[in-house]
Amino acid sequence: MKRIAIVSSIYRYLSHAQHMGDRFLIGYPHEGKWHKPDVQVVSLYVDQKPPGDQSAERAKEFGFTVYPTIAETLRCGTDKLAVDGVVIICEHGEYPRNELGQVLYPRYEFFKACTEVFEKDGRAVPVYNDKHLSFSFTKAKWMLDEARRLQFPVLAGSSLPVTWRLPDIEIPLGSQIDEALMVGVGGSDPMDYHALEAMQCMIERRKGGETGIKSVQLIDGEAAWKAPYSQELLIAALSRSDTPLGLTDKDGRTQDLVRTGELKRLVAKPAAYLIEHNDGLKTTLLMLNGAVKDYTFAAKVRGHGTMSTQFLLTPVPNVTYSACLVSKIEEMMVTGRAPYPAARTLIVSGMLESCLQSRQKGGEKLATPHLGVRYNAPAQSQHARR
Amino acid sequence: MQLTRRQILASAALPWAPNRPRIAALVTEYRKFSHGQHIVDRFLEGYGWDGEHHHPAMDLVALYVDQHPNGDLTADRAKRFPGMKVYPTIAEALTGGTGKLAVDGVMLVGEHGKYERNEKGQTKYPRYEFFKEIVKVFASSGRVVPVFNDKHLSWNWEWAKEMYDTARRMKFPLMAGSSLPVTWRTPSLEFPAGVKVEEAMCVCYGGVDSYDFHGLETAQCMVERRRGGEAGVEWVQAYRGENFWKAYQEKVWPTELVEAALCRSHTLVPAREGFNNIFPTVDDMKRIVKNPVAYRYRHADGLHSTMILMSGLIRDFNFSAKISGQKDLFSTQMYLPMPDGRTTLANFFSPLVYNAELMYLTGKETYPLERTLLTTGLTAAGVESLYQGQKQLATPHLGIRYQPTKESTFWRS
């Protein structure tokens, strides 16, 4: 059985580390069974211990050790790397924000602490990194370059790409995509990241694969409505929403938010993230707080018309979508292969950072020659559908 | 030429399409989140469907509302949709005051509102009474039109059977039932056609003479696809409280099917503090589920099905089955985006309304009425078994045989 270390920011009820980490300890629902993972958690690092910290109680119950440093966690108190895989979950906890509004989670530092051990001990093991690789593209890129240099697989990202879809669609591999649009909600930079990655997992399946990002632009406020996104795709995406607000909240009615004009009344601060890819594809993320509470997507796919879906975020506290993600992590730990490319997360980390820089510059369009990240989508669907 | 559903709808949606069907809706009440509101609003306001804000290719022209509680929305909707007139009686709603049937379809929503409960705990929703009013107008007008009846046909089996027989005798299309058979599934799986099924299970939540019906429809829309189709039900036995746990531990029903169903849930109440998604032991279940109920029934071809209400433990509808010759159990969840705070729209009404629209446009029932006749009878038999001290009751009246539709009718597009 593979031995893994969990390296986390905090381990508290409903933190990412708890709801993902626990699944390795007590199992999780998977394909109609309560799956007992083929991996064993042998060590844990927690960066902060806020009130409600569960690290000690989990260690005691499940027979592993909490170590004071990442190196010791990976070596389990010995002088050599003593695990077969590392799960880095650096989300939640008290960390400062920078001038772009990004939370400065030390994912790069955690990752670097791991690679230092790998290098010194002459062995590298698979690493999962929760959410974006880093708030900084430079750091994120270093992380993947380092993984390539030391030859270990990396899996990263959000659970949106792997959760249930309503309806259960997949863009056929190699399709010509003419335009794509994502609707998201929540704050920056946690939730816009999820939304961008959800869109990316769909559009990376287009003909030629991902070719990198040519430019980005983030337009905030009223001006966002004038951004050049497709009204038709916005209608399609919102038709998949189960959470329109305003009049629906008031008396339960269904709403055509776009054509009635309610959308603009409901969203006080819209934001349009405009992404231009190197192959010419233009995609838009609209953050529409106040109008809806879910994540929906639509794209014009040649030969298939408009394809649209909702990325289902299942209810709290089960958040079963994180079980979908944990099964992917387990797959990598067991097989030594990442089921989908971390380059996806790299490019999303970079596009988000550049979007936030664009916002800081008053919505200026920014050329992004550094984001020439090319990769191909996995042929197999990776989201929950069995 | 055989037209696909999409082509039929597309042609009917054209602005020049002659004679848009005129629909009358008869509802018990029209307030936020009543079934009447969910359903009628979808005709008036349209709804998200197939990646569009879809407007039914028909006009809801007449409305009858039986009760007007606080929060009644009838006046608001009548004002905003002047094409819809509100009538004080069912006959007037159907005739527009002309004395003759003046609509092309009827939507009957007899759910919610204050109606008497009988000694068995059944709410006497007036679906049968509304239905009788409808057929009276049909008879006097010498014309019949399709009728959609939300939920089970009636709390009273004899009346339900009469409704079914009347529709067949007078030859008008009648559809009925729950949203569960037509809503999303996670995963989006259809039950394989023509297989032999050894055991089937629905684990869900809610009360007797209420969500039990939804649970029965959940199981029935799946098992009717088995080899030979539905063969009817020979007996029903209900279990509750201590009896339920005794039966659970004696494995009266296969507990691995309960476990498989629970593994499809998105709402499993954590059995231990500090854990967000942990599988319960039987002792945990006993502690968490205060009033469990099971209806176990035997079909005429030997299949046993069990519908279990585990209120307190979950808030969703999960199906599992043992298919002969297959190693793995079959399971899925019939997913309801329930507006309980997380969502704002009960969008599982969208596929229900869509199927009603298809019937109004084509005059064809899109799934078998016999399914809901059977689940209506099963609901009543389950309630009766509970009332008679959880006795096993023979159900010769439920010898209802029917075949499923070839095409899947659950929400996938």
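The values are calculated or read from the model by the stated rules, or taken from the named source; none is laboratory data. Since the structure is predicted, the reported quantities are computational estimates derived from the model, not experimental observations. All Cβ positions, even for glycine, are placed from backbone atoms using ideal geometry, and neighbour counts span all protein chains on display.
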Here's a check for you: in segment A:53-97, which residue that is of a type in the set (Ser, Thr, Tyr) and within 30 Å of A:GLY187 (Cβ to Cβ) is surrounded by the fewest Cβ atoms within 10 Å (Cβ to Cβ)? A:TYR95
What pairs can you find where one residue is in segment B:171-195 and away from chain A (no Cβ under 14 Å) and on the phi > 0 side of the Ramachandran plot, the other is surrounded by fewer than 19 Cβ atoms within 10 Å (Cβ to Cβ) and not small (Gly, Ala, Ser), and their Cβ atoms are less than 6 Å apart, with a gap of 6+ or different chains? B:GLY194/B:ARG227
Does any residue of segment A:327-336 turn out to be out of contact with any Leu (no Cβ under 8 Å at 6 or more places or on another chain), within 29 Å of B:ARG272 (Cβ to Cβ), within 11 Å of another protein chain (Cβ to nearest Cβ) and not in a strand (DSSP E or B)? no
Restricting segment B:87-118 to residues that are more than 20 Å from the chain's Cα centre (by Cα) and on the phi > 0 side of the Ramachandran plot, the residue that is surrounded by the most Cβ atoms within 10 Å (Cβ to Cβ): B:GLY96
Does B:TYR125 satisfy the condition of being closer than 30 Å to B:ASP212 by Cα, in contact with a Phe, Trp or Tyr (Cβ under 6 Å, 6 or more places away or on another chain), surrounded by fewer than 22 Cβ atoms within 10 Å (Cβ to Cβ) and at pLDDT 95 or above? no
Return yes when A:ASP178 is acidic (Asp, Glu), surrounded by fewer than 19 Cβ atoms within 10 Å (Cβ to Cβ) and in the same structural domain as A:LEU81 (by TED's automatic domain parsing) and no when it is not. no
Taking segment B:43-87 and keeping residues within 15 Å of B:GLU29 (Cα to Cα) and free of Cβ contacts under 8 Å to residues at least 12 places away in the same chain leaves B:ALA75, B:ASP76
Can you confirm whether A:ARG107 is surrounded by fewer than 19 Cβ atoms within 10 Å (Cβ to Cβ) and not small (Gly, Ala, Ser)? no
Filter segment B:315-348 for residues that are hydrophobic (A, V, I, L, M, F, W, C), in contact with a helix residue (DSSP H, G or I) (Cβ under 7 Å, 6 or more places away or on another chain) and at the interface with another protein chain (Cβ under 9 Å from one of its Cβ atoms); the one that is farthest from B:ARG412 (Cα to Cα) is B:LEU329
Residue that is among the charged types (D, E, K, R), away from chain A (no Cβ under 14 Å) and free of Cβ contacts under 8 Å to residues at least 24 places away in the same chain, where the choices are B:GLU250, B:GLU234: B:GLU250
Of B:LYS286, B:LYS290, B:LYS246, B:LYS251, the only residue that is surrounded by fewer than 21 Cβ atoms within 10 Å (Cβ to Cβ) and in contact with a Pro (Cβ under 9 Å, 6 or more places away or on another chain) is B:LYS286
Give just the number: which of (1) free of Cβ contacts under 8 Å to residues at least 40 places away in the same chain; (2) under 16 Å from the mean Cα position of the chain (by Cα) does B:GLY377 not satisfy? (1)
Those residues of segment A:243-268 which are of a type in the set (A, V, I, L, M, F, W, C) and either within 7 Å of another protein chain (Cβ to nearest Cβ) or surrounded by 18 or more Cβ atoms within 10 Å (Cβ to Cβ) (or both) amount to A:LEU245, A:LEU247, A:LEU257, A:VAL258, A:LEU263, A:LEU266, A:VAL267
Exactly one condition in (1) out of contact with any Leu (no Cβ under 9 Å at 6 or more places or on another chain); (2) of a type outside the set (D, E, K, R); (3) surrounded by 22 or more Cβ atoms within 10 Å (Cβ to Cβ) is not met by B:GLY229; state its number. (3)
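Residue by residue, here is whether (1) more than 30 Å from B:VAL40 (Cα to Cα); (2) touching a strand residue (DSSP E or B) at 6+ places or on another chain (Cβ under 7 Å); (3) in contact (Cβ under 8 Å) with a residue 12 or more places away in the chain holds:
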position: A:GLY246; (1), (2), (3): no, no, yes
position: A:GLN255; (1), (2), (3): no, no, no
position: A:LYS282; (1), (2), (3): yes, yes, yes
position: A:CYS324; (1), (2), (3): yes, no, yes
position: A:GLU331; (1), (2), (3): yes, no, no
position: A:VAL348; (1), (2), (3): yes, no, yes
Look at B:ARG127 and say whether it is within 14 Å of another protein chain (Cβ to nearest Cβ), under 26 Å from A:ASP251 (Cα atoms) and out of contact with any Leu (no Cβ under 6 Å at 6 or more places or on another chain). no
Per the filter on segment A:266-303, residues out of contact with any Pro (no Cβ under 9 Å at 6 or more places or on another chain), among the aliphatic types (A, V, I, L, M) and assigned to a loop (DSSP other than H, G, I, E, B) are A:VAL267, A:ALA268, A:LEU281
Selected residue [in a helix (DSSP H, G or I) and in contact (Cβ under 8 Å) with a residue 24 or more places away in the chain] from A:PHE135, A:PHE118, A:PHE152: A:PHE118
For B:LEU393, are the conditions met, namely being closer than 23 Å to B:SER305 by Cα, surrounded by fewer than 20 Cβ atoms within 10 Å (Cβ to Cβ), away from every other protein chain (no Cβ under 14 Å) and not basic (Lys, Arg)? yes
For segment B:27-69: of the residues being among the acidic types (Asp, Glu) and outside any loop (DSSP other than H, G, I, E, B), which is surrounded by the most Cβ atoms within 10 Å (Cβ to Cβ)? B:ASP41
Could you check segment B:164-190 and list, in sequence order, the residues that are crowded, with 23+ Cβ neighbours inside 10 Å and of a type in the set (A, V, I, L, M, F, W, C)? B:ALA167, B:LEU174, B:MET175, B:ALA176, B:LEU180, B:VAL182, B:TRP184
Flag if B:THR306 is hydroxyl-bearing (Ser, Thr, Tyr), surrounded by fewer than 23 Cβ atoms within 10 Å (Cβ to Cβ) and under 21 Å from the mean Cα position of the chain (by Cα): no
Would you check if there is a residue in segment A:171-187 being at pLDDT below 95 and closer than 25 Å to A:GLN360 by Cβ? yes
Residue selected from segment A:15-52 under the condition surrounded by fewer than 18 Cβ atoms within 10 Å (Cβ to Cβ) and among the acidic types (Asp, Glu), by the criterion farthest from B:PHE330 (Cα to Cα): A:ASP38
If we ask which residues in segment A:218-242 are outside any loop (DSSP other than H, G, I, E, B) and surrounded by fewer than 21 Cβ atoms within 10 Å (Cβ to Cβ), their number turns out to be 9
